[in-house]
Amino acid sequence: MNSYSTINDTLVKLFNEILDLEEVALRTEDFKDITNNDMHIIEAIGLGEGNNMSTIAKKLSITVGSLTTSMNSLVKKQYAIRVRSKEDRRVVYIQLTEKGVKAYKKHEQFHHDLTEGVVKSLDETELPVLLKALGAVSSFFRELRERELK
């Protein structure tokens, strides 16, 4: 197998494995009703005072209409709540409930463990090479997204 094929095969498998593992890691007894999509929305909502729908949709690169459907599900599952602004009643903020915060922290721990598992296997000379390679992959995805959104 040549280098191109090996890289292609590795990237495809890695992407799928991470998605599968992420879902398995989240699907505990406490969060049996959560999906990867739900979790990425929870991550975009974040901790604290919350964000409005436009801000969350922008973080996820989706429309507010698409987010509304998912948000209705998260509210129904009690991971998030809608809170009207006291200054402007037209503005609605999305905040995580206690259950949503727990899911957020579980997901954050998964990411921490993933990163720690990779970093601990590298020596001082390998880490900059990995960072450069991951930067190139990230740039590619950003550029691809920008082209697709045009």
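Values for this structure:
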| read-out | value |
| --- | --- |
| Yes/no for Glu87 being within 22 Å of Glu17 (Cβ to Cβ) and either assigned to a helix (DSSP H, G or I) or at pLDDT below 95 (or both) | no |
| Selection from segment 65-84 of residues that are in a strand (DSSP E or B) and either modelled with pLDDT under 95 or touching a Gly at 6+ places or on another chain (Cβ under 6 Å) (or both) | Ala80, Arg82, Val83, Arg84 |
| Subset of segment 90-104 [among the hydroxyl-bearing types (Ser, Thr, Tyr) and assigned to a loop (DSSP other than H, G, I, E, B)] | Thr97 |
| Matching residues in segment 40-64 - criterion: being among the hydrophobic types (A, V, I, L, M, F, W, C) and assigned to a helix (DSSP H, G or I) | Ile41, Ile42, Ala44, Ile45, Met53, Ile56, Ala57, Leu60, Val64 |
| Matching entry among Thr55, Thr6 (being of a type in the set (Val, Ile, Thr), surrounded by 11 or more Cβ atoms within 10 Å (Cβ to Cβ), more than 13 Å from the chain's Cα centre (by Cα) and at pLDDT 90 or above) | Thr55 |
| Selection within segment 1-39 - part of a helix (DSSP H, G or I), over 18 Å from Leu96 (Cβ atoms) and of a type in the set (A, V, I, L, M, F, W, C) | Ile7, Leu11, Val12, Leu14, Phe15, Ile18, Leu19, Leu21, Val24, Ala25 |
| Given (1) in contact (Cβ under 8 Å) with a residue 24 or more places away in the chain; (2) surrounded by 13 or more Cβ atoms within 10 Å (Cβ to Cβ), number of the condition Ser61 does not satisfy | (2) |
| Sole exception among (1) out of contact with any helix residue (DSSP H, G or I) (no Cβ under 6 Å at 6 or more places or on another chain); (2) in a helix (DSSP H, G or I) for His107, by number | (1) |
| Breaking point among (1) closer than 29 Å to Glu143 by Cα; (2) loosely packed, with under 14 Cβ neighbours inside 10 Å; (3) in contact (Cβ under 8 Å) with a residue 12 or more places away in the chain; (4) aliphatic (A, V, I, L, M), for Met39 | (2) |
| Sole exception among (1) assigned to a loop (DSSP other than H, G, I, E, B); (2) within 24 Å of Ser61 (Cβ to Cβ); (3) of a type outside the set (A, V, I, L, M, F, W, C) for Ser121, by number | (2) |
| Segment 107-150 - residue that is over 24 Å from Ile42 (Cβ atoms) and hydroxyl-bearing (Ser, Thr, Tyr) and, of those, nearest to the chain's Cα centre (by Cα) | Ser139 |
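Residue-by-condition table, conditions (1) free of Cβ contacts under 8 Å to residues at least 60 places away in the same chain; (2) of a type outside the set (A, V, I, L, M); (3) closer than 19 Å to Glu17 by Cβ:
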site: Val91; (1), (2), (3): yes, no, no
site: Gln95; (1), (2), (3): yes, yes, no
site: Glu98; (1), (2), (3): yes, yes, no
site: Val101; (1), (2), (3): yes, no, no
site: Lys105; (1), (2), (3): yes, yes, no
site: Gln109; (1), (2), (3): yes, yes, yes
site: His112; (1), (2), (3): yes, yes, yes
site: Val118; (1), (2), (3): yes, no, yes
site: Thr125; (1), (2), (3): yes, yes, no
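The values are calculated or read from the model by the stated rules, or taken from the named source; none is laboratory data. No experiment lies behind these values; they were computed from the predicted model shown. Note that each Cβ is placed from the backbone with ideal geometry, even for glycine, and that neighbours are counted across all protein chains shown.
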